[in-house]
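Novice: Please see the structure below; I have some questions.
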Amino acid sequence: MYWPSFFHTTKQTKQNKQGQFKPTHRGSHAKCCRNSLVRPPSLLGLFFVLAIAAYGCGGSPAASLKPNPFSSSPTGSTPASSAPGSSAPGSSSPGAPPTSISSSPSVNLLNLGSAGFGGDDTNVIQSAVNTTAANGQVLRIPAGNYNISPISFPDNSKVMLDSGVTITANSGFGPLDKMLNIKSQNVTIAGAGATSVIFKMRKSEYAAEHASDGSEYRHCLDIEGASNVTVSGISCNQSGGDGLYIGNGVQGQPSQNVTVTDSIFDQNFRQGFSLISGQHVFVYRCNFTNTSGTLPEAGIDIEPNEPTGRVADVHIEDSFSTGNAGSGIILSFWKLDGTSQAVDITILRHHTSSNRLSGYDADNNDVSSNAQGKTLIQDSYSENDGDYGAFGHWWEANGPTLIFQNLTITNPHQNGPDPTYGDSAAVALNRGGGGTMPLGNIQFQGVNIAITNGKVDRYFNFEDGSNKGVEKMIFKPGNLSGAAQTPPNGLLQAVGYNTVDQ
């Protein structure tokens, strides 16, 4: 089902609709044209490769313009991507993957209790995690099928999972129960590989609950107010909420120093990944796929709950958002304001593909003192997404800068023109009535757009239906082909231009 209500024609409607998403987070164009607004148009390497192969699951998205194909298997068989050029935490240059515990001495779960025989293994696994963490040991979970209710990881937990581990949620999770709970510090969960270490919940059961009580918080991997957390080589699938959730702790502190690599988050109910409040967050070579159930159904949603929420020093690299019922990536800063810590997000070599809505979808707050900072999306892709390749709706010019650098868009608007604005440009900035601040502060630097599906009229359209103006916009094209109503390349406030540089 298409969700046209996701886009908002007035700010009040926008807030009402987004309130539904996360209760606890939360005209005609002139014919005159101008051609331009401002100006026309080694051995160490071998070791690195082997190390990545040991953690990742094939594929090389950074080397290709097109995402690798995904399966939609409920068992989590979607392959996680391993790409050259991936970076170490805190760096945009190539680096080694996170430190592994796979070579450390470990204690076998089955030496601490009987598990994996079809019964409820919660108590055995929880006791084993507690004991090994207290003793400074690594807990090893051998191949097998296990069943658990919610598990919590105390400080200093180290868990290694062998290939062939499947851990399934027991029936009866309550509306606020999460499968894997991390509210502590110094936690490492290291799986042998995302296609062979699978945490699986009971989405169909939770969907039935949601229909009666609106619950959407049964997350698979829940990290709240934690610090120094590393997760790698797992799948977290079929939750009743988010595959991965990173947010505040009970004292309001953000999660800090969190690294998630080489993992899959497939067929979750609300989001593949929600980032609500985090600082020093690193997500590398992960897949966020086939989300569906309740809005916004995105691959990744970066959306603070309140002005104190942090999204600072956030790095998402070499990852995929594919086949989601919403957008590939949502940047939603409408709860931030001038009192908020500056936004600092870098997204590199990201692929969105075949999402029902836009590849990249951004909005911020309509206030006189807005949040500041920057989001950079670089060397990334949108292919065959249902709506825009990249879309700023209600993105006010006095808020954070949004930069798309070397973005490649192929055949957006698979579902036809946007249902709210009736627009079929490849990239857009738009809103209806009710806004109080000018729109703008988005840069499209070197955008490449290829259209062969006949569903795109222009390459860009920047227009404010609230008549407050459009400011600080840049559109500098790279290679453009196939739009139906060019030249000019696009429209700024219903006037045609080939380039924009305000």
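Novice: Of everything in segment 452-478, what is of a type in the set (S, T, N, Q) and not in a strand (DSSP E or B)? Give them in sequence order. I'd like the intermediate steps shown before the answer.
Specialist: Keep residues of segment 452-478 that are of a type in the set (S, T, N, Q), which gives 452-453, 461, 466-467.
THR452, ASN453, SER466, ASN467, listed by residue number.
Novice: Would you please name the residue that is farthest from the chain's Cα centre (by Cα), looking only at residues in segment 426-441 that are closer than 22 Å to THR486 by Cα and not in a loop (DSSP other than H, G, I, E, B)? Spell out how you get there, then give the answer.
Specialist: So in segment 426-441, the residues closer than 22 Å to THR486 by Cα come out as 426-430.
Restricting the remaining residues to those that are not in a loop (DSSP other than H, G, I, E, B) gives 427-430.
Numbers: VAL427: 19, ALA428: 20, LEU429: 21, ASN430: 22 Å.
Top of the filtered list is ASN430.
Novice: Out of the residues in segment 385-405 that are part of a loop (DSSP other than H, G, I, E, B) and farther than 21 Å from ASP457 by Cα, which is most open to solvent (accessible area, probe 1.4 Å)? I'd like the intermediate steps shown before the answer.
Specialist: Looking only at segment 385-405, we keep the residues that are part of a loop (DSSP other than H, G, I, E, B), and these are 385-389, 394-395, 397-400.
Applying the additional criterion that residues be farther than 21 Å from ASP457 by Cα yields 394-395, 397-400.
Numbers: TRP394: 0, TRP395: 0, ALA397: 4, ASN398: 42, GLY399: 4, PRO400: 2 Å².
Ranking the candidates gives ASN398 first.
Novice: Have a look at THR452, THR410, THR401 and point out the one that is hydroxyl-bearing (Ser, Thr, Tyr), under 25 Å from the mean Cα position of the chain (by Cα) and over 26 Å from GLY338 (Cα atoms).
Specialist: Checking each option against the conditions leaves just THR410.
Novice: Return the only residue of GLY478, GLY490, GLY465, GLY469 being of a type outside the set (A, V, I, L, M, F, W, C), over 17 Å from GLY446 (Cα atoms) and in contact with a strand residue (DSSP E or B) (Cβ under 7 Å, 6 or more places away or on another chain). Give the derivation first.
Specialist: On the way: GLY478 fails: over 17 Å from GLY446 (Cα atoms); GLY490 fails: over 17 Å from GLY446 (Cα atoms); GLY469 fails: in contact with a strand residue (DSSP E or B) (Cβ under 7 Å, 6 or more places away or on another chain).
Exactly one of GLY478, GLY490, GLY465, GLY469 is of a type outside the set (A, V, I, L, M, F, W, C), over 17 Å from GLY446 (Cα atoms) and in contact with a strand residue (DSSP E or B) (Cβ under 7 Å, 6 or more places away or on another chain), namely GLY465.
Novice: Those residues that are surrounded by fewer than 24 Cβ atoms within 10 Å (Cβ to Cβ) and of a type outside the set (Val, Ile, Thr), I need them from segment 222-244; list them, please. Before the answer, list the steps.
Specialist: Of all residues in segment 222-244, those surrounded by fewer than 24 Cβ atoms within 10 Å (Cβ to Cβ) come to 224-225, 227-228, 230.
Result: GLU224, GLY225, SER227, ASN228.
Novice: List the number of the failed condition for GLY434; all other conditions in (1) at negative phi; (2) in contact with a helix residue (DSSP H, G or I) (Cβ under 9 Å, 6 or more places away or on another chain) hold.
Specialist: Every listed condition holds for GLY434 apart from (1).
Novice: Considering only residues of segment 356-376 that are hydrophobic (A, V, I, L, M, F, W, C) and open to solvent by 10 Å² or more (accessible area, probe 1.4 Å), which is nearest to LEU331 (Cα to Cα)?
Specialist: Taking segment 356-376 first, the residues hydrophobic (A, V, I, L, M, F, W, C) are 357, 362, 367, 371, 376.
Then drop every residue that is not open to solvent by 10 Å² or more (accessible area, probe 1.4 Å), which leaves 367, 376.
Details: VAL367: 17, LEU376: 11 Å.
The selected residue is LEU376.
Novice: Right, here's the next one. Please verify whether segment 425-440 includes one or more residues that are over 19 Å from THR352 (Cα atoms), among the small types (Gly, Ala, Ser), open to solvent by 10 Å² or more (accessible area, probe 1.4 Å) and touching a strand residue (DSSP E or B) at 6+ places or on another chain (Cβ under 6 Å).
Specialist: Scanning segment 425-440 turns up no residue that is over 19 Å from THR352 (Cα atoms), among the small types (Gly, Ala, Ser), open to solvent by 10 Å² or more (accessible area, probe 1.4 Å) and touching a strand residue (DSSP E or B) at 6+ places or on another chain (Cβ under 6 Å).
Novice: Please determine, by comparing only the residues of segment 293-345 that are on the phi < 0 side of the Ramachandran plot and among the charged types (D, E, K, R), which one is farthest from the chain's Cα centre (by Cα). So that I can check it myself, show each step before the final result.
Specialist: Step one: of segment 293-345, the residues on the phi < 0 side of the Ramachandran plot are 294-296, 298-312, 314-317, 319-322, 324-345.
Now drop any that are not among the charged types (D, E, K, R), which leaves 301, 303, 306, 310, 317, 335, 337, 344.
Values: ASP301: 5, GLU303: 10, GLU306: 19, ARG310: 16, GLU317: 11, LYS335: 18, ASP337: 22, ASP344: 15 Å.
Result: ASP337.
Novice: Please go through segment 296-324 and give me each residue that is outside any strand (DSSP E or B) and open to solvent by 20 Å² or more (accessible area, probe 1.4 Å), ordered by number. It would help to see each step written out before you state the result.
Specialist: At the first step, the residues of segment 296-324 found to be outside any strand (DSSP E or B) are 296-297, 303-310, 318-319, 323-324.
ASN305, GLU306, PRO307, THR308, ARG310, GLY323, listed by residue number.
Yes/no matrix, rows are residues, columns are (1) over 19 Å from VAL311 (Cα atoms); (2) assigned to a strand (DSSP E or B); (3) among the acidic types (Asp, Glu):
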{"position": "TYR206", "(1), (2), (3)": "yes, no, no"}
{"position": "GLU209", "(1), (2), (3)": "yes, no, yes"}
{"position": "GLY252", "(1), (2), (3)": "no, no, no"}
{"position": "PHE265", "(1), (2), (3)": "yes, yes, no"}
{"position": "PHE269", "(1), (2), (3)": "yes, no, no"}
{"position": "GLY272", "(1), (2), (3)": "no, yes, no"}
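Here's the yes/no breakdown for (1) within 25 Å of the chain's Cα centre (by Cα); (2) not charged (D, E, K, R):
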{"residue": "THR131", "(1), (2)": "no, yes"}
{"residue": "PRO142", "(1), (2)": "no, yes"}
{"residue": "MET160", "(1), (2)": "no, yes"}
{"residue": "THR168", "(1), (2)": "yes, yes"}
{"residue": "ASP177", "(1), (2)": "yes, no"}
{"residue": "GLY191", "(1), (2)": "yes, yes"}
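Novice: Would you tally the residues in segment 450-502 being closer than 27 Å to GLY433 by Cβ, among the polar types (S, T, N, Q) and open to solvent by 40 Å² or more (accessible area, probe 1.4 Å)?
Specialist: 4
Novice: ILE302: of a type in the set (Val, Ile, Thr) and farther than 22 Å from ASN181 by Cβ, yes or no? Show your work before the answer.
Specialist: Values: of a type in the set (Val, Ile, Thr): yes; farther than 22 Å from ASN181 by Cβ: no.
The answer is no for ILE302.
The values are calculated or read from the model by the stated rules, or taken from the named source; none is laboratory data. Just so it is clear, the structure is predicted and the values come from calculations on it, not from any experiment. Note that each Cβ is placed from the backbone with ideal geometry, even for glycine, and that neighbours are counted across all protein chains shown. Note: accessible area is taken over every heavy atom of the protein model, side chains too, but ligands, DNA and RNA are not part of it. Shrake-Rupley method; radii C 1.70, N 1.55, O 1.52, S 1.80 Å.
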